[in-house]
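Reading through the structure tokens given below for one structure.
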Amino acid sequence: MKKIEAIIRTSKFEEVYEALTEIGIAFMSTYDIKGFGSEHSSSQVYRGTTYSVGFIPRTKIELIATEDHVEEVVETILRVANTGKVGDGKIFIMDVEAVIRIRTGEVGELAL
Ligand SMILES: Nc1ncnc2c1ncn2[C@@H]1O[C@H](COP(=O)(O)OP(=O)(O)OP(=O)(O)O)[C@@H](O)[C@H]1O
Ligand SMILES: [Mg+2]
């Protein structure tokens, strides 16, 4: 199992959410975040003090997928969240050691 974290434009969230639902993703966590990427204009000096102006509202999606779903999830996010302009966001993929459903004690894919 993998954890997929995608930081996307908040304006793309609805569309990405719907596309993921369409491919059968029935669970995810979402967060409103502030972030900045590799833009060099992320700070400005005004009267000798540096202010960060690069924090842009983003939405982070987190979901755990079985290995056979990872590619489809990533492709879907890439397709829908891409505008081609800087700041489209990023996808991080991590190994997941264990998933446990608290109510039943089920472990692994059964717990997804
Ligand atoms: N290395 C990183 N670690 C953690 N979060 C990141 C990282 N890079 C980007 N992010 C998050 O993703 C958001 C969008 O990043 P962004 O798309 O601007 O990345 P970028 O590397 O600058 O690419 P681009 O050239 O497309 O702008 C940021 O606001 C930040 O929240
Ligand atoms: Mg950027």
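Within the stretch 56-87, the set of residues being away from ligand 1 (no atom under 13 Å from the Cβ) and assigned to a loop (DSSP other than H, G, I, E, B) comprises Thr66 only.
For the stretch 55-67, filtered to residues that are among the charged types (D, E, K, R) and at pLDDT 95 or above, the residue that is surrounded by the most Cβ atoms within 10 Å (Cβ to Cβ) is Lys60.
Scan Val99, Val107, Val80 and give me the residue that is closer than 25 Å to Arg9 by Cα and either at pLDDT below 95 or more than 16 Å from ligand 2 (Cβ to nearest atom) (or both).
From the options Val99, Val107, Val80, the qualifying one is Val80.
When the residues of the stretch 25-37 are narrowed to those that are without any contact (Cβ under 8 Å) to a residue 40 or more places away in the chain and part of a loop (DSSP other than H, G, I, E, B), which ends up least open to solvent (accessible area, probe 1.4 Å)? The extreme case among them is Met28. When the test is whether a residue is at pLDDT below 95, within 25 Å of Met1 (Cβ to Cβ) and not basic (Lys, Arg), Ala26 passes it. Within the stretch 88-105, the residues that satisfy the criterion of being open to solvent by less than 60 Å² (accessible area, probe 1.4 Å) and part of a loop (DSSP other than H, G, I, E, B) are Asp88, Val96, Val99, Gly105.
Quick one: in the stretch 1-24, of everything that is charged (D, E, K, R) and in a strand (DSSP E or B), which residue is least open to solvent (accessible area, probe 1.4 Å)? If we take residues in the stretch 1-24 being charged (D, E, K, R) and in a strand (DSSP E or B), then Glu5 is least open to solvent (accessible area, probe 1.4 Å).
The values are calculated or read from the model by the stated rules, or taken from the named source; none is laboratory data. All values derive from a computational prediction rather than experimental measurement. FYI the Cβ positions are ideal-geometry reconstructions off the backbone, even for glycines, and counts take in every protein chain you see. What goes into the accessible areas is simple: the full protein's heavy atoms, side chains included, and nothing from ligands, DNA or RNA. Shrake-Rupley method; radii C 1.70, N 1.55, O 1.52, S 1.80 Å.
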